[in-house]
Amino acid sequence: MLTTIIYRSHLHDHVPIKTLEDMVAKANSKNKNFDVTGILLFDGLHFFQLLEGPRDAVQGIYQRICQDARHHNLVELMHDFAPERRFGKVGMELFDLREHDKDTVLQAVLDKGTSRYQLTYKDRALQFLRTFVVARDKENYFEIPPANTWEFIADEADATELIDFADTLQDCRFAFQPIIDPFARRVTSYEALIRTPTGGSPQEYFSAFGGDAIYHADIQSKSLAFKLAYHLGIGDHRLSVNLLPMSLVAVPNAVDFLLEEIEASGLIPQQIIVEVTENEIISRSDEFAAEVRKLKAAGISLALDDFGAGFAGLSLLSKFQPDKIKIDREIIRDVHKSGPKQAIMHAIIKCCASLEIAVIAEGVEQAEEWMWLEAAGISQFQGFLFAYPLLNGFPSVAWPEIK
Ligand code: C2E
Ligand code: MN
Ligand code: MN
């Protein structure tokens, strides 16, 4: 089986372009040893490279390329398999796009084709190459500075905790994690995450219940979330609470109960956001929609949680438009290195802009993920990079500062 990997990257400022020839000569002999074909395009700033050959050899070479300090902002565009070699002889060939016109380069690459007819089909690898040569996609090449450009500084004195906060009716606790706008240095909301009395996970907490009891526990627990948030000093920040969509459907008068508890806690419905996950909405969606109308009629906002992790995806938005969408960590992780994830993010951002839906990136752990997402147009973030959830409290935020 033949593996093809395509990536693009930026040449570092400090690397003299003259050294490229030497680099290519070395890669040429190495690739030959491993039976790998390499085509390298360079436009004066960006590299585009296609590697084709036996799977282990291509992956080994690619891993070493990822470590190479001469380039950065490396993004994997394609990782695919093919029955036979598309491009000619093994080795490495460099095409400097500044020295040839576009058609000449494309023709030269085509001429390398092992069997020419294969390359004339709508082959993804070849289409990627064409796109790079005609510079069709370059407005999406964000240049992300290195992670150590930033420091993340938390002022521990900003944290507030109420460890002894008593609510004898409740067998649960809550941890809070902020959702922030890092450049505005503003907390946009706090999310309440349910815990067992000893700080155990939501899964652990809910595993104690069977049948419909889980839905009642889910709704009732929110009373503590509201009170705790008020006493922690939420002020006019917003508060996000998680609910199983079925909790709204299965518990009679769930919305009325929530509204009473919000008022009794000293909060107002307009500051509350209810988060539900996408894959649970699909079943009993008509009944769920009726409960959502009641929430919205009372002034409560709705966020779609873990977007991209389920199976409904963008098609769900044709039936149901929340106020906010939280992009699942599965898509956020390593977004700065993945062409497919970047394409998905661009599509979500564009779609949500057309629908005036606010987009939040959740599970942000790396500075590079955050910087890429900011460049793509996202301004609200949640994740360990900025703050871990704090049991019985609002944690301090590690705000990014330029070093
Ligand atoms: P969620 O609503 O998507 O909450 C975010 C989860 O991701 C939290 O886990 C949080 O601790 C974790 N997280 C935050 N930042 C990062 C990060 O940078 N990296 C990683 N790896 N994880 C991060 P937690 O608290 O264990 O909650 C898990 C899920 O349990 C929640 O996911 C939510 O779906 C559910 N849940 C939490 N509280 C409630 C509740 O009161 N009712 C219901 N029905 N579900 C709840
Ligand atoms: Mn959530
Ligand atoms: Mn989530």
Practice problem: Tell me, please, whether a residue that is in a loop (DSSP other than H, G, I, E, B) and at pLDDT 85 or above can be found in region 108-129. | Solution: no
Practice problem: Would you tally the residues in region 187-211 being out of contact with any helix residue (DSSP H, G or I) (no Cβ under 7 Å at 6 or more places or on another chain) and either within 16 Å of ligand 2 (Cβ to nearest atom) or outside any helix (DSSP H, G or I) (or both)? | Solution: 16
Quiz prompt | Wholly within region 212-306, helices (runs of 4 or more DSSP H) carrying at least 3 residues that are open to solvent by less than 10 Å² (accessible area, probe 1.4 Å) and within 16 Å of ligand 2 (Cβ to nearest atom) | solution = 213-231, 245-250
Self-check item: Residues that are away from ligand 3 (no atom under 16 Å from the Cβ) and buried (at least 19 other Cβ atoms within 10 Å of the Cβ), drawn from region 307-336
Solution: L317, H336
Quiz prompt | Out of A154, A175, A192, sole residue that is in contact with a strand residue (DSSP E or B) (Cβ under 9 Å, 6 or more places away or on another chain), assigned by TED's automatic domain parsing to the domain that holds G233 and without any contact (Cβ under 8 Å) to a residue 60 or more places away in the chain | solution = A192
Quiz item: Would it be correct to say that E76 is closer than 22 Å to H336 by Cα, touching a Gly at 6+ places or on another chain (Cβ under 8 Å) and in contact (Cβ under 8 Å) with a residue 12 or more places away in the chain?
Solution: yes
Exercise. Among what's in region 307-346 and is among the acidic types (D, E) and farther than 22 Å from Y141 by Cα, pick the residue that is nearest to ligand 2 (Cβ to nearest atom).
Key: D328
Exercise. Could you grab the pairs with beta carbons closer than 7 Å, sequence gap of 6+ or different chains, first residue in region 344-373 and farther than 23 Å from P400 by Cβ, second one within 16 Å of ligand 1 (Cβ to nearest atom) and assigned to a helix (DSSP H, G or I)?
Key: I344/I331
Practice problem: Considering only region 346-380, state which residues are open to solvent by less than 50 Å² (accessible area, probe 1.4 Å), within 16 Å of ligand 3 (Cβ to nearest atom) and either within 11 Å of the chain's Cα centre (by Cα) or β-branched (V, I, T) (or both). | Solution: I348, I357, V359, I360, A361, E362, G363, V364, E369, L373, I378
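Restricting attention to region 26-46, which residues are out of contact with any strand residue (DSSP E or B) (no Cβ under 7 Å at 6 or more places or on another chain) and either closer than 19 Å to R86 by Cβ or not basic (K, R) (or both)?
Answer for region 26-46, where residues must be out of contact with any strand residue (DSSP E or B) (no Cβ under 7 Å at 6 or more places or on another chain) and either closer than 19 Å to R86 by Cβ or not basic (K, R) (or both): S29, N33, D43, G44.
The values are calculated or read from the model by the stated rules, or taken from the named source; none is laboratory data. Keep in mind that what you see is a predicted model, and the values were worked out from it rather than measured. Ideal geometry is used to build each Cβ from the backbone, glycine not excepted, and the neighbour counts take in all protein chains shown. SASA here: full protein model, heavy atoms, side chains in, ligands and nucleic acids out. Shrake-Rupley method; radii C 1.70, N 1.55, O 1.52, S 1.80 Å.
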